[in-house]
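Q: A single structure is presented below for examination.
The values are calculated or read from the model by the stated rules, or taken from the named source; none is laboratory data. None of the values given here were measured: they were computed from a predicted structure. Counting neighbours? That spans all protein chains shown, and the Cβs are built from the backbone with ideal geometry, glycine included. Keep in mind that these areas ignore ligands, DNA and RNA; they rest on the heavy atoms of the full protein, side chains included. Shrake-Rupley method; radii C 1.70, N 1.55, O 1.52, S 1.80 Å.
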Amino acid sequence: MAQRPERADALRNREAVLAAADALFAASGSPQSVSMDDIAAAAGVGKGTLFRRFGDRSGLIGAVIASRLEPLQRAVQEAWGAAGSSPRQRVLDLLDASLRFKIENRNLMSAAEDAGLSSPYRAEHYGWWHDLLRAALEQMPGVPHPDFTAHALLAAIRADLVAHLIDDQGMDSDGLRASLAAYVDKVLGGE
């Protein structure tokens, strides 16, 4: 049975809630400090609308992450289809794009883990990153167990690790990106 299209007012409310949550989370520096009441007021909707639409705080955080990931995923898909890049370069580009996203959104990504959004390995976006990465690794001769290697490379850029390295250890984002590129080069056997 086909799903009915979303009502215009429900779509507007959803977009208003996501925009308000995104802005408040970014302004606060800590999504955990933003209440659902604050988000509802900023979006101009009732608190019940938030809970009906997103279930709970973790559902709302997940929806904000998904909305931030959409343009990045489109850009990666377009670049992925471009002719001329080697599987090795696609691996490097994909991991760098994911790392940049996690650097820029580390408070939100950490909040998702803190909010109990389950294992990061069960997140829909993790599966997307993993599938693309594994596909590129499968095209590279000499990479043993592309599925495991994809998981291991993605583990190197977990949100909690990124936050720890930048916020606790004082590593700058360029240094982190360079370290990741060197690590990936080592794992893939250098060229």
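Q: Output yes when any residue across the stretch 11-23 is over 17 Å from the mean Cα position of the chain (by Cα), at pLDDT below 80 and over 18 Å from ASN107 (Cβ atoms), and no when none is.
A: yes
Q: Going through the stretch 141-152 one residue at a time, which ones are hydrophobic (A, V, I, L, M, F, W, C) and open to solvent by 20 Å² or more (accessible area, probe 1.4 Å)? So that I can check it myself, show each step before the final result.
A: Within the stretch 141-152, the subset hydrophobic (A, V, I, L, M, F, W, C) is 143, 148, 150, 152.
Passing the criteria: VAL143, PHE148, ALA152.
Q: Report yes if SER179 is assigned to a helix (DSSP H, G or I), among the polar types (S, T, N, Q), out of contact with any Cys (no Cβ under 7 Å at 6 or more places or on another chain) and modelled with pLDDT of 90 or more, otherwise no.
A: On the way: assigned to a helix (DSSP H, G or I): yes; among the polar types (S, T, N, Q): yes; out of contact with any Cys (no Cβ under 7 Å at 6 or more places or on another chain): yes; modelled with pLDDT of 90 or more: yes.
So SER179 fits the description; yes.
Q: How about the stretch 1-76: which helices (runs of 4 or more DSSP H) wholly inside it have at least 1 residues that are open to solvent by 40 Å² or more (accessible area, probe 1.4 Å) and under 21 Å from ARG100 (Cβ atoms)? Explain how you work it out, then say what you get.
A: Working: elements: 8-28, 36-43, 47-54.
Qualifying helices (runs of 4 or more DSSP H): 8-28.
Q: How many residues does the stretch 153-191 hold that are open to solvent by 50 Å² or more (accessible area, probe 1.4 Å) and over 26 Å from ALA123 (Cα atoms)?
A: Number of matching residues: 11.
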